[in-house]
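Peer 1: Handing you a structure now.
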Amino acid sequence: MREISVSKIRDTVTELCLKANFELRRDVLKALKAAFKKETILRAKNILKAIIENAQLAKKKRLAICQDTGLVSIFLEIGNDLTIFGDLEEALYRGVEDAYKKGYLRKSVVDDSLKRKNTNTNAPCITHIDIIKGDKLKVTVSPKGFGSENKSAIRMLRPTASESDIIDFVLEVVKSAGADACPPLVLGVGIGGTFDHAALLSKKALLRSIDTRNAKKHFRALEKDLLKAVNSLKIGPMGLGGKTTVLGVNIEEFPTHIAGLPVAVSVSCHATRSAEKII
Amino acid sequence: MINITTPLTEDIRENLKAGDEVLLTGTILTARDAAHKRLCDSLKKGKSLPLNLKNAVIYYCGPTPARPGRTIGSCGPTTSSRMDSFTPALISLGLGGMIGKGGRSDEVKSAIKRHKCVYFLATGGIGALLSTKVKSAKVILYNDLGPEAIYKLEVKDFPLLVGIDSKGRDLYDKAGWKKE
């Protein structure tokens, strides 16, 4: 049994929060550069150019890519041959707090959804834990802004629904997000499981590189069809028209019940951020 | 490219058309959800506002804190539509312009037209780049709101697009897609 102390996890969370907020993901940056080449409308091109320049400046000066440095979600994959010593929840919260203080990141978390007093630490974070084989720990940090989070949606489709019904729902979500969610977007689509699990799958889909397709052939095909369908909406960068409405569409899926077909869409902006490390 | 300076008087506003690219220089005030709620709560109670909005420009923005040696942190726009229910009341007080991202409600559009106001679009998600256009930043109201406090910003050549002009013309109507 390998042992690890929570202080190591706390430091890793801090490091990853900073990295995610200052350095735009390589796959997202690559997609933005490809989109810049592809766009023909000058306004769309100019917006993409500014987005790329912003990513370069943020990395160089260690400034937040976007002022909405998000509510942090942390995904832990814990090996079943690993023992963690200490208060894990406390370590995660302190790890976030350290990063947001040290990195001059915005504290965007309120202590109560109705009373709404800022916690001034950006803690707490949202935590998801999976148990995996082995003795390693994979930590993935995803600070997500709420301009796009507010546009995410879930629908419990009928079990007899087809791929085209799924596409229609995703198009509805993207159209309703319109210009507000900072397109070009990245879409995470969770299909199957339960109401809650589909939403989690959609979030996990955002963590995967947008260069990587789903392992199953029919979901891979659906990812491609969705990308094409959404881009044919011509919403474009910042909703001002263009070929690039989404940079990538990732699907994660799970078995489900005979009576249902849950579909969740996590809408993410062009500053889709995450960072991961195995310890 | 059109250069404009604050205060955003009616003659400046009337000369701007939806789609115009603008560089704004002068003073702007940040305010987002919580600050809008407080301002409008004051108005509902019949109190006068603690700041003068006549020909002023409100920027829907909650910046990140400034690193030592910098004026401000990242400071891009937030989604404007969340302010829609508060906006007509502020426009009726003579507000000159607003800066944000995304579309506005019909109520806001008609208030803009009625009072010859202007709604500007800033590009979302480029807050680091926009921070280089801010020459000074100071909290002037609601300090307890943290990132949602009202900051007075002095900006130079802040890059904007006219989203809705004083005649109520909306740039998104010409973007080639329709929101459902």
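Peer 1: Kindly list the number of the only condition in (1) surrounded by 19 or more Cβ atoms within 10 Å (Cβ to Cβ); (2) more than 30 Å from B:P68 (Cα to Cα); (3) away from chain A (no Cβ under 12 Å) that fails for B:K116.
Peer 2: Checking B:K116 against (1) surrounded by 19 or more Cβ atoms within 10 Å (Cβ to Cβ); (2) more than 30 Å from B:P68 (Cα to Cα); (3) away from chain A (no Cβ under 12 Å), the one that fails is (1).
Peer 1: Right, another one. Any idea which of (1) under 26 Å from A:G70 (Cβ atoms); (2) in a loop (DSSP other than H, G, I, E, B); (3) touching a residue at least 40 places away in the same chain (Cβ under 8 Å); (4) more than 14 Å from chain B (Cβ to nearest Cβ) is the one A:A259 doesn't satisfy?
Peer 2: Going through the list (1) under 26 Å from A:G70 (Cβ atoms); (2) in a loop (DSSP other than H, G, I, E, B); (3) touching a residue at least 40 places away in the same chain (Cβ under 8 Å); (4) more than 14 Å from chain B (Cβ to nearest Cβ), A:A259 breaks only (1).
Peer 1: (1) in contact with a helix residue (DSSP H, G or I) (Cβ under 9 Å, 6 or more places away or on another chain); (2) away from every other protein chain (no Cβ under 14 Å); (3) among the charged types (D, E, K, R): which one isn't true of A:K224, the others all being true?
Peer 2: (1)
Peer 1: Of everything in region A:96-147 that's in contact with an Asp or Glu (Cβ under 7 Å, 6 or more places away or on another chain) and among the small types (G, A, S), which residue is surrounded by the most Cβ atoms within 10 Å (Cβ to Cβ)?
Peer 2: Out of the qualifying residues, it is A:G145.
Peer 1: Please give the number of the condition A:V265 fails out of (1) crowded, with 19+ Cβ neighbours inside 10 Å; (2) farther than 30 Å from A:V13 by Cβ.
Peer 2: Condition (2) is where A:V265 drops out.
Peer 1: Mind listing just one residue for me: the one in region A:94-146 that is away from chain B (no Cβ under 14 Å), in a strand (DSSP E or B) and not hydrophobic (A, V, I, L, M, F, W, C) and, of those, nearest to A:R2 (Cα to Cα)?
Peer 2: Restricting to residues being away from chain B (no Cβ under 14 Å), in a strand (DSSP E or B) and not hydrophobic (A, V, I, L, M, F, W, C), the top hit is A:K138.
Peer 1: Please work out which residue is farthest from the other protein chains (Cβ to nearest Cβ), limiting yourself to region B:62-91 and to residues that are of a type in the set (S, T, N, Q) and within 21 Å of A:N120 (Cα to Cα).
Peer 2: This residue is B:T71.
Peer 1: Next question, about the same structure. Which numbered condition trips up A:V174, out of (1) crowded, with 20+ Cβ neighbours inside 10 Å; (2) touching a residue at least 60 places away in the same chain (Cβ under 8 Å); (3) not polar (S, T, N, Q); (4) not in a helix (DSSP H, G or I)?
Peer 2: Going through (1) crowded, with 20+ Cβ neighbours inside 10 Å; (2) touching a residue at least 60 places away in the same chain (Cβ under 8 Å); (3) not polar (S, T, N, Q); (4) not in a helix (DSSP H, G or I) one by one, A:V174 breaks only (4).
Peer 1: Taking A:A198 and the conditions (1) within 28 Å of B:S81 (Cβ to Cβ); (2) surrounded by fewer than 16 Cβ atoms within 10 Å (Cβ to Cβ), which numbered condition does it fall short on, given that it satisfies the others?
Peer 2: (2)
Peer 1: Could you grab me the full set of residues in region A:131-178 that are of a type in the set (A, V, I, L, M), farther than 21 Å from A:L24 by Cβ and touching a strand residue (DSSP E or B) at 6+ places or on another chain (Cβ under 9 Å)?
Peer 2: A:I131, A:I132, A:L137, A:A153, A:I154, A:M156, A:L157, A:A161, A:I166, A:V170, A:V173, A:V174
Values in this text are rule-based calculations from the coordinates and carry no lab data. The structure presented is a predicted model; accordingly, all values stated were derived computationally and were not measured. Neighbour counts run over all protein chains shown; Cβ positions are idealised from the backbone, glycine included.
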